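Comments concern the structure below.
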Amino acid sequence: MSIYTKRKIFYAIWVLIMLSGPITIFRNVVLSQVLSSNLVLLNTFQRLTGTMAFSLIFMQIMIGSNMDKFVQILGSKAYRIHIVQGLLVYATAFSHPIFESLIVFTVSRKVADAFFVVIPSLNTQRDILLTFGKMGLALLTIGVVAAYFRTKPVFRKYWRYFHYFNYVVFFLIAFHARVGTDLGSLPFDSFYWAAIVIVSLTLMYKLSNPTFQIESQPFDYLA
């Protein structure tokens, strides 16, 4: 198979994965309601950013853990894709809870209620699932800070170990996704479970492989 064909396959798979969330969401909403209701519109954007964040972190792990192979297929574009994709991971993950706060504010008209959305809680199962998402965002933020200050001695010393954050964040987002309404609907539900299996197998292989070398650039969001 030629390199050109492999590139076409990669881009096709990437696009299909990115579209799995939006296709599922728009299959489950009534367009007229989205356009006529601020709450439905905000909820739609919230769901879009959530599913996109999950899809992007999955692809970030796949590319990061197989960078040598992707460089052979994509050339130097593999690094640029990894960097841009990392920025999109953080952008979608950061904006996701903002839409939740806007929804709460739209309903209650109280700034305090919108603010308290970001406070972790373990009172109910739903609160626990929401807290998983907040933990994932916190780890992503630490990763961004580490990337920005990666030339500093403290961060340089442990820089390579930040690679594991990708895997932890992925599983936190996967648990958090259980609070959503789009799991159980195709095609996102099928991708969701396939992604969990693939990432789990990838992590087990990496941890059990004695020749495994931790990638040196796991969080190149700001490179």
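The values are calculated or read from the model by the stated rules, or taken from the named source; none is laboratory data. Note that the coordinates shown come from a computational prediction; the quantities given were computed from them, not determined experimentally. Here Cβ is always computed from backbone atoms with ideal geometry, including for glycine, and neighbour counts include all displayed protein chains.
Which one of G136, G184, G143 is in a loop (DSSP other than H, G, I, E, B) and not acidic (D, E)? Working first, answer last.
Details: G136 fails: in a loop (DSSP other than H, G, I, E, B); G143 fails: in a loop (DSSP other than H, G, I, E, B).
Just a single option satisfies the conditions, and that option is G184.
If you scan region 11-38, which residues turn out to be among the hydroxyl-bearing types (S, T, Y) and touching a residue at least 60 places away in the same chain (Cβ under 8 Å)?
Going through region 11-38, the residues among the hydroxyl-bearing types (S, T, Y) turn out to be 11, 20, 24, 32, 36-37.
Correct list: S20, T24.
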Worksheet item: Considering only residues of region 108-152 that are surrounded by fewer than 16 Cβ atoms within 10 Å (Cβ to Cβ) and small (G, A, S), which is modelled with the highest pLDDT?
Response: A138
Worksheet item: Quick one: would you say L186 is on the phi < 0 side of the Ramachandran plot, of a type outside the set (D, E), at pLDDT 90 or above and more than 17 Å from the chain's Cα centre (by Cα)?
Response: yes
